[in-house]
Amino acid sequence: MIPISWYLLLSAFLFACGVTGFLIKRNIITLFMSIELMLNGVNLSFVAFATNLGALDGHIFVFFVMVVAAAEAAVGLAIIISVYRTRETLNVDRVNLLKL
Amino acid sequence: MHLFLFLFFAAFCAGGAVNLLIQRKTINSALSLIVVMGSLALLYLLLGAEFVAVVQVIIYAGAIMVLFIFVIMLLNAGEEEQSKGSNVAKIFGIPSLFGGGIIGIWVLLQHRPEEKLLPIGALYGPADKVGMMLFTKYLLAFEVTSVLVLIAIMGAVVLARRSDS
């Protein structure tokens, strides 16, 4: 028997790690991975609350979050490849124009 | 036993998340993210969410991370360049981060309601129930999601295409 707050603490920790990585990292691919980490943290709290409340709606929400994450990764990585072709760098500090 | 399993996989999860932050090479960060996702799938199983655990392994660890690693190897992303951090951020940021964290935890502990203990191993979220709910209560959202995926496919194809043709 494990209290729900432990799961929520782990979820908050994952989310905080994602935010920190998003702020301190300079590689654009690592930034994307930090976003995935944040989404995973939120998913964990969804599932923990679903188990706590005895309702399955949380699982459905996690499913939708995963689909959106997959779509975001596909489009985002395509954008990264397109930026890399013109800029020849993955450092976000050097990608400072909206123009490709 | 359950407590041990939870602590084991939670430690893996937290360690992977921290490792993602401290690694300098992108491929190492990606591999530690896979560790995080795998241990999260096992935590979902402990919470009784079979469907979510399997989908986590298939979609996140299987599809999304393969895409990430594929792009990392395609673009030959090596060591990360370090940019100059500002001193203000170091002087004020780190203490305020700790201070804010401690205040937040203290406030949360003050207002803690009576909490239920989660029974572990009582699998109550099997795939058939989740599927029934997905196709009845959340049918509209499901269909909209399919349109989103279609748009994402087209967007990825258009964006990654060479424009000099």
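Being more than 21 Å from B:L21 (Cβ to Cβ), without any contact (Cβ under 8 Å) to a residue 40 or more places away in the chain and more than 13 Å from the chain's Cα centre (by Cα) is a property that does not hold for B:F51.
One residue stands out in region A:18-66 among those that are polar (S, T, N, Q) and farther than 26 Å from A:L77 by Cβ: the one that is farthest from the other protein chains (Cβ to nearest Cβ), namely A:S45.
Within region A:71-94, the only residue that satisfies the criterion of being under 30 Å from B:L47 (Cα atoms) and either among the β-branched types (V, I, T) or surrounded by fewer than 19 Cβ atoms within 10 Å (Cβ to Cβ) (or both) is A:E72.
The residue that is surrounded by the fewest Cβ atoms within 10 Å (Cβ to Cβ), counting only those in region B:83-123 that are at pLDDT below 70 and closer than 30 Å to A:T86 by Cα, is B:K84.
Take A:G21 and tell me if it is free of Cβ contacts under 8 Å to residues at least 40 places away in the same chain, assigned to a helix (DSSP H, G or I) and crowded, with 19+ Cβ neighbours inside 10 Å. Here the answer is yes, as A:G21 does meet what is asked. Number of residues in region B:124-138 that are at pLDDT 90 or above and within 25 Å of the chain's Cα centre (by Cα) equals 1.
The values are calculated or read from the model by the stated rules, or taken from the named source; none is laboratory data. Note that the structure is predicted; figures quoted are calculated from it, not measured. Here the Cβ is made from the backbone with ideal geometry for all residues, glycine too, and neighbour counts use every protein chain on show.
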